[in-house]
Amino acid sequence: MPTIRILPDNVTIEARPDETLLEASLRAGVAHAHACGGHAHCSTCRVAIEHGIDGCAARTSAEQLLAERLGFSPSLRLACQTVPHADLIMRRLILDDEDVALVDQRRRGATGTAVGEARELAILFADIRGFTAFSELLPPHDTVHVLNRYFHVMGPPIARFGGHIDNYMGDGLMALFGYPERNKNPALSAVRAGLAMLAAMDALKPYLETAYNHAFDIRIGIHYGAVVVGSVGAIGHERITAIGDAVNFASRIESANKLAETRLMVSDAILDQAGSLLQLGRSLQTVIAGKTGEYKLHEVLGVS
Ligand code: FES
């Protein structure tokens with residue numbers, strides 16, 4: 001019979017024929033959360049299979065539905081639906097009542113909230129150059145109106161190339177390419193979107209000049225790398241976001257435009273993914289705050 005090791009409890013038990021991981025865990029006296037009673041409705045019994053995923057039976061159709069809705073990676077399983085056929089090590093992820101309240105899908109209604117998933121994405125940061133000086137010339141309500149107009153104009157170029165605006169930070173924005181939908185070349189899509197954003201910015205300038213006697217410009221930084229994406233926030237206020245070093249790096253690239261006096265800079269990682277199609281301008285060898293060594297950044301002028 002397969003042996004199941006249960007973490008973090010450090011309990012080992014032998015599975016019975018056709019017994020699910022949840023049944024085995026409860027039989028071993030583990031306080032394994034199972035808010036819906038084992039019907040694949042709540043996801044509170046979820047476990048990470050740390051060893052032996054190949055020895056687990058395929059997902060049941062009920063598990064498959066929930067796993068797709070929540071963006072489970074292959075090693076994340078519902079213990080109430082998973083039957084082991086070989087030795088495995090699993091880690092319970094929902095450990096107390098507060099965890100149960102946070103993840104119980106019945107409380108969250110029909111809307112899925114993606115769990116954390118490691119992915120490689122393109123991350124785009126855009127910021128307005130000199131917006132503080134621009135806004136000091138305007139009454140507050142005009143400042144808000146201009147920002148809204150700017151964000152309204154930037155949305156379509158991002159969406160056209162499959163990006164999602166993940167966050168607004170003051171007069172800046174962050175967009176992700178390659179999540180949640182997979183994208184054949186997220187790096188190239190992000191660069192195309194960045195160029196389209198610059199064109200949209202140029203088209204907005206006459207309006208700003210006419211309405212406010214001043215215009216501004218934007219800076220864009222794009223990087224490609226590994227991040228963790230998932231749904232973050234209090235219940236009812238969740239949003240999908242990306243976390244990781246690659247996000248910080250993209251933000252630093254955006255800032256590096258100041259040094260290089262450029263509008264759109266990308267990393268070597270973007271060049272690796274889409275370089276042969278990019279028309280490049282100047283390059284900059286620079287230190288990046290929070291990272292050791294120097295990094296080469298590249299101005300992008302167009303895409304062939
Ligand atoms: S106990 Fe609810 S999904 Fe497994």
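Computed from the coordinates by the stated procedures, all read-outs in this text should not be read as laboratory data. In this text the structure is predicted, and so the values were computed from the model without any measurement. Positions of Cβ are generated from backbone atoms using ideal geometry, with glycine treated the same way; all protein chains shown enter the neighbour counts.
Once the Cα atoms of helix 61-70 and of the chain are each reduced to a long axis, what angle between those two axes, in degrees from 0 to 90 to the nearest 10, is obtained?
30
Taking only C-alpha pairs under 8 Å that are 6+ residues apart, what is the relative contact order of the chain in percent?
On the way: 591 pairs, mean separation 44.9, N = 304.
Over the chain, the number comes to 15 percent.
What list of ³J(HN,Hα) values in whole Hz, one per residue of region 126-133 in order, does the Karplus curve 6.51 cos²θ - 1.76 cosθ + 1.60 (θ = phi - 60°) give from phi, with Gly and Pro shown as x?
Those phi angles translate into 10, 9, 8, 7, x, 5, 4, 4 Hz.
Using a simple charge model, +1 on the beta-carbon of Lys and Arg, -1 on the beta-carbon of Asp and Glu, nothing else, what dipole does the chain show about its Cα centre, in debye to the nearest 20?
That gives a dipole near 480 debye.
Taking the Cα atoms only, what angle lies between the long axis of helix 140-160 and the longest principal axis of the chain, rounded to 10 degrees?
The angle comes out near 70 degrees.
Mind checking which of Arg119, Arg160, Arg27 has the largest fluctuation in a GNM of the chain, springs on alpha carbons under 10 Å?
Result for the chain, Cα springs under 10 Å: Arg27 fluctuates most.
If I fit a long axis through the Cα atoms of helix 245-260 and take the longest principal axis of the Cα atoms of the chain, what angle between them do I get, 0 to 90°, rounded to 10?
Compared with the principal axis, the helix lies near 10 degrees.
Only sites in a loop by DSSP and with at most 11 other Cβ atoms within 10 Å count here; which GluC sites (Glu not before Pro) in region 213-296 make the cut?
In loop regions of region 213-296 (DSSP not H, G, I, E or B), the sparsely surrounded GluC sites (Glu not before Pro) are Glu261.
Could you name the lysines whose alpha carbon sits less than 26 Å from that of Lys258, not counting residues in the same chain fewer than 8 places away?
Counting by Cα, and skipping residues close in sequence, Lys258 has these lysines nearby: Lys205, Lys291, Lys296.
Could you tally the net charge around Val232, taking each other residue with its Cβ under 11 Å from the Cβ of Val232, Lys/Arg +1 and Asp/Glu -1?
Once all neighbours under 11 Å are counted, the net charge is -1.
What is the order of His298, His223, His237, fewest Cβ neighbours within 10 Å to most?
Least to most surrounded, the residues fall as His237, His298, His223.
Could you work out [θ]222 nm for the chain from helices alone, using -39500 (n - 2.57) per DSSP H run of at least four and dividing by all its residues? Round to the nearest 500 deg cm²/dmol.
Value at 222 nm, helices only: -10500 deg cm²/dmol.
Put +1 on the Cβ of each Lys and Arg and -1 on the Cβ of each Asp and Glu in the chain; which of Thr20, Gly71, His34 then has its Cα farthest toward the positive end of the dipole?
Going by the Cα projections, it comes out as Gly71.
Which ³J(HN,Hα) values in Hz, rounded to whole numbers, follow from the phi angles of region 72-88 under the Karplus curve 6.51 cos²θ - 1.76 cosθ + 1.60, where θ = phi - 60° and Gly and Pro get x?
5, 6, x, 8, 9, 10, 7, 5, 6, 10, 10, 10, x, 10, 8, 4, 8
Whole angstrom only: what separates the Cα centroid of region 15-33 from the Cα centroid of region 176-214?
Cα centroid to Cα centroid, the span is 52 Å.
When only Cα pairs under 8 Å and 6 or more residues apart are kept, what is the percent relative contact order across region 3-103?
Worked out over region 3-103, it gives 38 percent.
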